[in-house]
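Novice: To start, I am sharing the structure in question, which I have written as structure tokens.
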DNA sequence: TGTATTATTGAAAATGACTTTCATTATCAA
DNA sequence: TTGATAATGAAAGTCATTTTCAATAATACA
Ligand SMILES: [Mn+2]
Ligand SMILES: [Mn+2]
Ligand SMILES: [Zn+2]
Ligand SMILES: [Zn+2]
């Protein structure tokens, strides 16, 4: 993987946004600087970044998957199926859990951004 | 949700197959009995079955999501990103883990078919 | 240095999983 | 019954993502 300018630019975009972005959202931001950039280039660069582990790709329940920088401080999410609220949790229970699954299975787990779905406390009250 | 024949027929298909099926695969099986059934009907019925918790829907890394009966004996999977091998694990660690996340967050977790990605032992050796 | 090799890119078109619309039919509660 | 509403088939549409292909840029290495 060459250190192409588009990949680096995407990393900068992801660094600047402390949020999950769809490929389209990344594309819209990139267009401001790289006027002629194409969505296919974005997808291909993201694919490479995901492959080398610099970026996570997740289905958070929307129509498109979302990308995010894999930071030093890994985190995970709970997504409410009713109101689509997302909460972030940084929890050593996750890594403990994944470690034990790794030991038991011999798999080297690459899932680095766990997304669990559920019903948030507020929506539970709403019956 | 009415107890429509299509939903019941889909449940029977899922019971008979001890495997994950895509909507298209279910459609192909259903066509043998319901000659005129349409894919949109399949998708709508599956959506209802997922909503009432009878069927799980998961992204196992393929191009289409897969559906499976939610059995009494819940299970989860590890999927190898290299050779696409899938292993099943029934593990109380998962429910313990999810329980603790529920307690901590107040969320009522609906994820009932966890899919974790990784590299299987064989593919690890292949360097 | 060139120069061959290979990765990356933009443009355009294609893919295909899934959804939507709409008119018709089946189910079910009252 | 009957009236409301859910389920269905057919057809068309959506749109996120991929593919193809020719051009260009980055690297290896002679
Ligand atoms: Mn995140
Ligand atoms: Mn399964
Ligand atoms: Zn909620
Ligand atoms: Zn493998």
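Values in this text are rule-based calculations from the coordinates and carry no lab data. Given the structure is predicted, the values throughout are model-derived calculations rather than measurements. Quick reminder, even Gly has a Cβ in these numbers, built from the backbone with ideal geometry, and neighbours come from all protein chains shown.
Novice: Can you work out the base-10 log of I(q)/I(0) for the protein assembly as shown at q = 0.10 1/Å, using the Debye formula on its C-alpha atoms alone?
Specialist: Debye output, listed in q order: -0.59.
Novice: Please report how far the C-alpha centroid of region B:1-49 lies from that of region A:28-66, rounded to the nearest whole angstrom.
Specialist: Cα centres, region B:1-49 to region A:28-66: 34 Å.
Novice: Indicate, rounded to the nearest 5 percent, the antiparallel portion of the DSSP beta bridges found entirely in the protein assembly as shown. Mind dumping the intermediate values first?
Specialist: Details: 24 of 32 bridges.
Expressed as a percentage, antiparallel bridges in the protein assembly as shown total about 75.
Novice: Additional query: Can you tell me which of A:42, A:26, A:101 moves the most in a GNM of chain A? Springs connect C-alpha atoms under 10 Å apart.
Specialist: Taking springs between Cα atoms under 10 Å, the residue moving most is A:101.
Novice: Could you pull the copy-to-copy label distances for residue A:4, with points set 7 Å along Cα to Cβ, in nm to one decimal and sorted shortest first?
Specialist: Counterpart label points of residue A:4 in the remaining copies fall at 4.5 nm.
Novice: I'd like the antiparallel share, as a percent to the nearest 5, of DSSP beta bridges with both residues in chain B.
Specialist: Counting only bridges with both partners in chain B, antiparallel ones make up about 70 percent.
Novice: Here's something else I'd like to know. What value does region A:39-127 have for Rg/Rh, both radii from Cα atoms and Rh as Kirkwood defines it?
Specialist: Result for region A:39-127 is an Rg/Rh of 1.03.
Novice: In nm to one decimal, list the spacings between the residue B:51 label point and its equivalents in the other copies, with label points set 7 Å along Cα to Cβ, shortest first.
Specialist: Relative to the other copies, residue B:51 has label-point distances of 4.0 nm.
Novice: Gap in Å between the Cα centre of region B:72-111 and the Cα centre of region A:89-108?
Specialist: For region A:89-108 versus region B:72-111, the Cα centre distance is 11 Å.
Novice: While we're here: For every helix of n ≥ 4 consecutive DSSP H residues, a contribution of -39,500 (n - 2.57) applies; sum these over the protein assembly as shown, divide by its total residues, and give [θ] at 222 nm rounded to the nearest 500 deg cm²/dmol.
Specialist: -13000 deg cm²/dmol
Novice: Another question, if that's okay. What residue of chain B sits with its beta carbon nearest the rotation axis taking B to A, and at what distance in whole Å?
Specialist: Residue and rounded Å distance to the axis: B:97, 2.
Novice: For region B:75-125, take the alpha-carbon Rg, divide it by the Kirkwood Rh, and send me Rg/Rh.
Specialist: Checking Rg against Rh, the ratio lands at 1.10.
Novice: Something else now. Take chain B, connect every pair of alpha-carbon atoms lying under 10 Å apart with a spring to form a Gaussian network, then pick out the residue of B:72, B:54, B:12 with the largest mean-square fluctuation.
Specialist: It is B:72.
Novice: Mind listing the label-point distances from residue B:15 to the same position on all other copies, shortest first, one decimal in nm, points 7 Å along Cα→Cβ?
Specialist: Values, ascending and in nm: 5.8.
Novice: Ok, one more. If you average 1/r across every pair of different Cα atoms in region A:3-69 and take the reciprocal, what Kirkwood value do you get, in Å?
Specialist: 11.8 Å
Novice: Ranking A:5, A:95 by Cβ neighbours within 10 Å, fewest first, what do you get?
Specialist: The order, fewest Cβ neighbours first, is A:5, A:95.
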